[in-house]
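A short worksheet on the structure shown next.
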Amino acid sequence: MSDTVYLNGEYMPLADAKIPVLDRGFLFGDGVYEVIPAYAGRLFRFEDHIVRLNNSLREIRLDLHKTVAEWQAIFQPLLDSGKDEYIYLQITRGCAPKRDHGFPEHVVPTVFAMCSEIKPFPGRVTGVKAVTLDDTRWQKCHVKATALLAHLLLRQEALDQDCAEAILVRNGYVTEGAASNLFAVIDDELITPPNSNEILPGITRDVILELAAANGIACKEDVIAVEALKNASEIWVTSSTREIVPVIELDGQLVGPGKPGPVFQKTDQLLQAYKQSLA
Ligand code: PDD
């Protein structure tokens with residue numbers, strides 16, 4: 001992690017970045033965030049991330065407007081062109097004079113950004129185990145909210161079961177992972193649940209859909225019943241920091257032959273080539 005971070009208009013060493021305890025992010029989780037990868041110093045699908053950020057801000061009624069160029073100017077000094085990194089951006093409603101659930105007036109949002117190295121996730125190559133769990137989250141999963149307690153409990157439950165990810169189930173259908181989107185190959189077709197308030201509209205997910213469509217991989221956005229997932233020949237979870245991770249065991253049963261499948265291999269190559277082409 002770079003030692004320099006950004007907080008409310010200033011750059012400073014991480015150790016000097018402090019927020020008051022009355023900040024609503026601390027008291028209520030009243031804020032939103034983004035995780036934006038950067039390869040060789042170039043922010044990946046940057047405009048898409050800012051569109052999603054603006055949607056999250058609008059959904060939580062937090063008034064903060066910056067252009068793509070203004071955000072870029074804030075992040076650029078944090079980046080190191082020699083590394084694969086990601087920007088973590090967090091915006092809270094700010095620091096009110098007292099703890100009160102209603103939104104405070106005339107409060108300046110807190111804006112924090114830091115940059116960390118993306119370390120290749122080992123499970124990308126070997127595949128990982130996953131477990132299905134009840135999706136206990138709220139009804140606005142399309143908002144990238146900092147209030148992540150339900151996600152944390154679900155991820156930890158998966159880790160406790162020696163799994164890398166929880167695959168979440170709502171009313172008999174899978175939604176996404178605790179911190180990832182979900183893809184499955186069923187009857188030779190790549191399927192991912194459609195965007196809705198039940199999932200985060202992942203940027204990696206969008207890129208995969210575009211690459212599949214452009215390269216003749218049969219692909220559709222459709223609901224996936226949990227029973228159908230159990231018969232999938234491939235399952236993947238996707239995110240900005242882990243990219244595409246094949247799931248080779250679900251609920252203790254092998255997925256297909258229990259190793260990363262051919263559609264994963266092809267799509268992963270396409271994703272790596274696409275990243276290279278932009279960097
Ligand atoms: N999380 N769904 C959830 C619930 C997520 O938290 C994430 C990513 C994704 C994938 O979105 P994207 O492809 O844009 O990274 C889907 C990030 C990485 C995090 O919380 O650290």
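The values are calculated or read from the model by the stated rules, or taken from the named source; none is laboratory data. Being a predicted model, the structure only gives us computed values, none of them experimental. Note that we place each Cβ from the backbone using ideal geometry, even for glycine, and neighbour counts take in every protein chain shown.
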request  = Specify which of the listed residues (Arg170, Arg137) is under 21 Å from Val223 (Cβ atoms), among the charged types (D, E, K, R) and more than 18 Å from the chain's Cα centre (by Cα).
outcome  = Arg170
key: Qualifying residues in segment 213-227 (those that are β-branched (Val, Ile, Thr) and in a loop (DSSP other than H, G, I, E, B)) - the one farthest from the ligand (Cβ to nearest atom)   = Ile217
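Matching residues to (1) surrounded by fewer than 17 Cβ atoms within 10 Å (Cβ to Cβ); (2) in the same structural domain as Glu34 (by TED's automatic domain parsing); (3) not in a loop (DSSP other than H, G, I, E, B):
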| residue | (1), (2), (3) |
| --- | --- |
| Leu229 | no, no, yes |
| Ile235 | no, no, yes |
| Thr238 | no, no, yes |
| Gly258 | yes, no, no |
| Phe264 | no, no, yes |
| Asp268 | no, no, yes |
| Gln272 | yes, no, yes |
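Matching residues to (1) assigned to a loop (DSSP other than H, G, I, E, B); (2) crowded, with 20+ Cβ neighbours inside 10 Å; (3) among the hydroxyl-bearing types (Ser, Thr, Tyr); (4) not assigned by TED's automatic domain parsing to the domain that holds Thr175:
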{"position": "Lys98", "(1), (2), (3), (4)": "yes, no, no, yes"}
{"position": "Gly102", "(1), (2), (3), (4)": "yes, no, no, yes"}
{"position": "Glu105", "(1), (2), (3), (4)": "yes, no, no, yes"}
{"position": "Thr132", "(1), (2), (3), (4)": "no, no, yes, no"}
{"position": "Thr136", "(1), (2), (3), (4)": "yes, no, yes, no"}
{"position": "Gln139", "(1), (2), (3), (4)": "yes, no, no, no"}
query = Taking segment 51-89 only, how many residues are in contact with a helix residue (DSSP H, G or I) (Cβ under 7 Å, 6 or more places away or on another chain), surrounded by fewer than 18 Cβ atoms within 10 Å (Cβ to Cβ) and within 23 Å of Arg24 (Cα to Cα)?
reply = 1
query = Would you call Val111 β-branched (Val, Ile, Thr), outside any strand (DSSP E or B) and surrounded by fewer than 20 Cβ atoms within 10 Å (Cβ to Cβ)?
reply = no
inquiry  = For segment 34-45, give me each residue that is on the phi < 0 side of the Ramachandran plot and surrounded by fewer than 19 Cβ atoms within 10 Å (Cβ to Cβ).
reply    = Val35, Tyr39, Arg42
inquiry  = So, in segment 182-198, exactly how many residues are surrounded by 23 or more Cβ atoms within 10 Å (Cβ to Cβ) and closer than 20 Å to Leu148 by Cβ?
reply    = 1
query = For segment 18-47, which residues satisfy the criterion of being closer than 26 Å to Arg61 by Cβ and hydrophobic (A, V, I, L, M, F, W, C)?
reply = Ile19, Val21, Leu22, Phe26, Leu27, Phe28, Val32, Val35, Ile36, Phe46
